[in-house]
Amino acid sequence: MYHWIPFWPETAAVNAVVVNNLYIAELGLGALIMLTVVLMMLTFCIRYRKSGTASRANLTTDTWRFEILWTVATLAAFLVLFVWGAQIYIWLFKPPPADEEVYVVGKQWMWKVEHAGGQREIDALHVPVNKTIRLVMASEDVIHSFFVPAFRIKHDVVPGTLETVWFKATKTGVFKLECTQYCGLQHATMQGEVDVMTAPDYAHWLVDQGVSESLAGQGGALFRAHGCSGCHGENSTVHAPSLTGLYGTLVHLQDGSVRVADDAYLRDCILNPRSFTVAGYPPIMPDFSGQLSEEDLLKLIAYIKSLGGMQEHAR
Ligand code: HEC
Ligand SMILES: [Cu+2]
């Protein structure tokens, strides 16, 4: 639609269309105001030049009416843009129900990607077209930023928590993926590709990876290997909460506060169990920080999510 504008980046996701529209409106309004001011300036310069013959008899000294009008009009126009932009921001950062969830780990200096089926890739992300994809992102070291220009999505990946971002690609093709947060010497090489495929191609691609264990399945194995099942398992005699159906629900904590059991909450439970306790349980959950890699954590979280819950609340 805007491809006649020089250097206009490719538009390949629903997110990008929305950002384009706002950008064009901002640019248009800015240009309109600038043109008005410049044209008036030039007109006055020429009309009232020293040798000009324009009459200066009826000079207006009362300009406040005009000034208030001008200020209110521009203020109103830019406030509209502000409200519009804020709405888009909220829309971009609150994922709609996802068709597919993919886990991304940023690391100096690569993007590691894990699909729910257990397929793994590095510096590449294969996704189906016209599907809402939700990325759950972790960093193993420093802050990185996940940027796909053609989708107009950019989101910081911050160590110590999980961030989510979503997109819905509207075109098949290969699009650039970049890190836009300076993250060390090789930052410039921290690039990859998003490969948007038709649904059948994507289904083939998933099968071709030859993976036998899903991410949740691998998480289940870790859950047993690290002794979580000893306390949280169905047959456990320890007084620990059941994790079945936990994801997305509201959890009441000992200190009276309430948290949504989203991805970041589950991560906190495993790494900072000392910082809060679920109401009605003894604070005996061991601290697993330093024992699990970010990828292991994502697998454990995928496993806990596979035990059911209210997906739609955890966004
Ligand atoms: C020694 C027993 C024990 C072990 C081992 C254990 N937990 Fe826990 N866990 C608890 C208890 C007790 C609580 C509730 C009290 C609290 O929040 O500290 C809890 C809370 C949780 C919660 C929050 C549950 C809720 O209802 O909000 C999660 C998630 C969790 N554990 C995951 C794990 C995972 C994953 C592992 C293994 C890496 C693990 N736990 C290992 C005892 C244990
Ligand atoms: Cu980076």
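Regarding G184, is this residue outside any strand (DSSP E or B), assigned by TED's automatic domain parsing to the domain that holds G280, under 27 Å from the mean Cα position of the chain (by Cα) and touching a residue at least 40 places away in the same chain (Cβ under 8 Å)? Criteria not met by G184.
Applying the selection to the range 145-174, what residues are within 14 Å of ligand 2 (Cβ to nearest atom) and over 13 Å from the mean Cα position of the chain (by Cα)? The one that is within 14 Å of ligand 2 (Cβ to nearest atom) and over 13 Å from the mean Cα position of the chain (by Cα): P159. Restricting attention to the range 296-315, the residues that are surrounded by 18 or more Cβ atoms within 10 Å (Cβ to Cβ) and at negative phi add up to 10. When A225 is tested against (1) under 27 Å from G118 (Cβ atoms); (2) assigned by TED's automatic domain parsing to the domain that holds H155; (3) away from ligand 2 (no atom under 16 Å from the Cβ), exactly one condition is not met: (2).
Confirm whether A279 is of a type in the set (A, V, I, L, M) and not assigned by TED's automatic domain parsing to the domain that holds V104. Yes.
Screening G219 on (1) within 16 Å of ligand 1 (Cβ to nearest atom); (2) at pLDDT below 90 shows it passes everything except condition (2).
When the range 255-267 is limited to residues that are in contact (Cβ under 8 Å) with a residue 24 or more places away in the chain and more than 8 Å from ligand 1 (Cβ to nearest atom), the one that is farthest from K94 (Cα to Cα) turns out to be R267.
Residues that are more than 17 Å from Y247 (Cα to Cα) and either within 9 Å of ligand 1 (Cβ to nearest atom) or in a helix (DSSP H, G or I) (or both) occur in the range 295-302; there is at least one.
The values are calculated or read from the model by the stated rules, or taken from the named source; none is laboratory data. What you are looking at is a predicted structure, and each value in this text was computed from that prediction instead of being measured. Ideal geometry is used to build each Cβ from the backbone, glycine not excepted, and the neighbour counts take in all protein chains shown.
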